[in-house]
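Colleague: Here you go, one structure.
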């Protein structure tokens, strides 16, 4: 059996496909770089991260707002290659959604992907489908900016033909489905089964009412009829279950004829409505009733455990000395990581702008995997100004973080340790100026211990044993619901270096460890 989620931490909007040999899932990455994560599996239970396909050739994220950027990839395999569609969201919090949709291709997911082809901007969440006659269709959400009772922002699903030879959309776009009464229609994908075309859609918004609905037609262009059950999947009426906010997914079929649904989900911090881990990926087995897909276990609530798939033992510890560089689990913010080539062992960051910057931060992160964990970094950093900062950060976005950092105090001319916190844009120092004074040189080990929404900072110099620094801090606000405004990514653990002076400072991280201290909930 496999226990959901199958992909932990920030892995929303999953799109699954198969090349006939293996299974693949692509997930959203928003403002994080490289864009999109692609996982591969032989058994639908054990997944390996093998590709981050969008580099500077395919995407420019500088200046992108928090939780904008790369949304909802659509991964497909046909004509001997992989096709990847995605939206780049430039503005997400107004009447308009300013965006551009693209498609790229590769023979293998680990290859360098093609130059992007622009495929419109009418709505987000693009996805391709190839019919039996070879014709390729693009479906996407239909965004309507007009603010009258005659129009809805989420105004159904659009379809348009795509010409692979000309590398362009052709003909008019057509609205093939208006959505169900739940509203918020988005995330379309088409699946062919037993003579029908099935249109899966995410509906109900991205919060507690999130869901997947399904419609079908005997023609790819419609008309599509809504399932008599309307909803295929939702956790809205299952408040006592650990899996919440379930929705946005697509169907995949195995060689032996079994059908599975991959979808996003969230886990709330126990006793709260805060999803600090962001939106993750789960899997359900599907059965068919009167040629309609339904959950094999019955009902509409997602399953915590899926039988008849291999058992998975999650890794509880991640550790690196960076000697092989950054592996694919690391992301940088809006641009390639600002590393400096060095013969030293470790990750050398060329310090840049502050944690509030939308343009150029020297920060690399991994997503939280559990509510309770311990993370430690070894830092070599000799600041000469209070404008020099480097350290370990619990980060959500440019307005929400907890930063344990080494800097310089010009009054005492000493190297110091301090905490800085931003909560919905309001920046404070929890230690109230009570620094920990450090030796002028030498490594410093920085540690956060996080237990069910509360963080405590520690530090160590010269192997003298870890010392506590500051008070326990409630960090449950580092969640999709707690940051104020749009929050789609979940919390991160980051290494960062800041120089708001001459931009000529570096910080070296020679070791990093993250250890889960809880069982998978």
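Colleague: Within region 409-430, count every residue that is assigned to a loop (DSSP other than H, G, I, E, B) and within 13 Å of residue 391 (Cβ to Cβ).
Modeller: Number of matching residues: 0.
Colleague: Yes or no: residue 367 surrounded by fewer than 17 Cβ atoms within 10 Å (Cβ to Cβ) and within 23 Å of the chain's Cα centre (by Cα)?
Modeller: Values: surrounded by fewer than 17 Cβ atoms within 10 Å (Cβ to Cβ): no; within 23 Å of the chain's Cα centre (by Cα): yes.
Against the criterion (surrounded by fewer than 17 Cβ atoms within 10 Å (Cβ to Cβ) and within 23 Å of the chain's Cα centre (by Cα)), residue 367 does not qualify.
Colleague: Kindly evaluate residue 475 against the criterion of being closer than 30 Å to residue 274 by Cα, at pLDDT 95 or above and crowded, with 18+ Cβ neighbours inside 10 Å.
Modeller: In short, yes.
Colleague: Search region 147-176 for residues being part of a loop (DSSP other than H, G, I, E, B) and within 30 Å of the chain's Cα centre (by Cα), and hand back the single one that is surrounded by the fewest Cβ atoms within 10 Å (Cβ to Cβ). Break it down into steps so the answer makes sense when it comes.
Modeller: In the first step, residues of region 147-176 are kept if they are part of a loop (DSSP other than H, G, I, E, B); the result is 147-153, 164-167.
Filter again for within 30 Å of the chain's Cα centre (by Cα), leaving 152-153, 164, 167.
Details: 152: 17, 153: 17, 164: 17, 167: 14.
Once the filter is applied, the top-ranked residue is 167.
Colleague: Checking the structure you have, find out if any residue of region 68-78 is surrounded by fewer than 17 Cβ atoms within 10 Å (Cβ to Cβ), part of a loop (DSSP other than H, G, I, E, B) and at negative phi.
Modeller: Looking for residues that are surrounded by fewer than 17 Cβ atoms within 10 Å (Cβ to Cβ), part of a loop (DSSP other than H, G, I, E, B) and at negative phi, one finds none in region 68-78, hence no.
Colleague: Considering (1) modelled with pLDDT under 95; (2) within 21 Å of residue 377 (Cβ to Cβ), say which one residue 485 fails and leave the rest.
Modeller: Evaluating residue 485 over (1) modelled with pLDDT under 95; (2) within 21 Å of residue 377 (Cβ to Cβ) leaves (2) as the failure.
One line per residue, one yes/no per condition, for (1) in the same structural domain as residue 137 (by TED's automatic domain parsing); (2) buried (at least 20 other Cβ atoms within 10 Å of the Cβ); (3) farther than 15 Å from residue 14 by Cβ:
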residue: 198; (1), (2), (3): yes, yes, yes
residue: 201; (1), (2), (3): yes, yes, no
residue: 207; (1), (2), (3): yes, no, yes
residue: 224; (1), (2), (3): yes, yes, yes
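Colleague: Can you name the residue in region 329-349 that is loosely packed, with under 14 Cβ neighbours inside 10 Å and in contact with a strand residue (DSSP E or B) (Cβ under 9 Å, 6 or more places away or on another chain) and, of all such residues, is modelled with the highest pLDDT?
Modeller: 336
Colleague: When only residues in region 212-244 that are without any contact (Cβ under 8 Å) to a residue 60 or more places away in the chain and part of a strand (DSSP E or B) count, which is farthest from residue 176 (Cα to Cα)?
Modeller: This residue is 244.
Colleague: Here's a follow-up. Of all the strands (runs of 3 or more DSSP E) wholly in region 281-366, which have at least 1 residues that are farther than 28 Å from residue 515 by Cβ and in contact (Cβ under 8 Å) with a residue 40 or more places away in the chain?
Modeller: It comes to 292-295, 347-350.
The values are calculated or read from the model by the stated rules, or taken from the named source; none is laboratory data. For clarity, every value in this text was computed on a predicted model and none was experimentally measured. Reconstructed Cβ throughout: ideal geometry from the backbone, glycine too, with neighbour counts over all protein chains shown.
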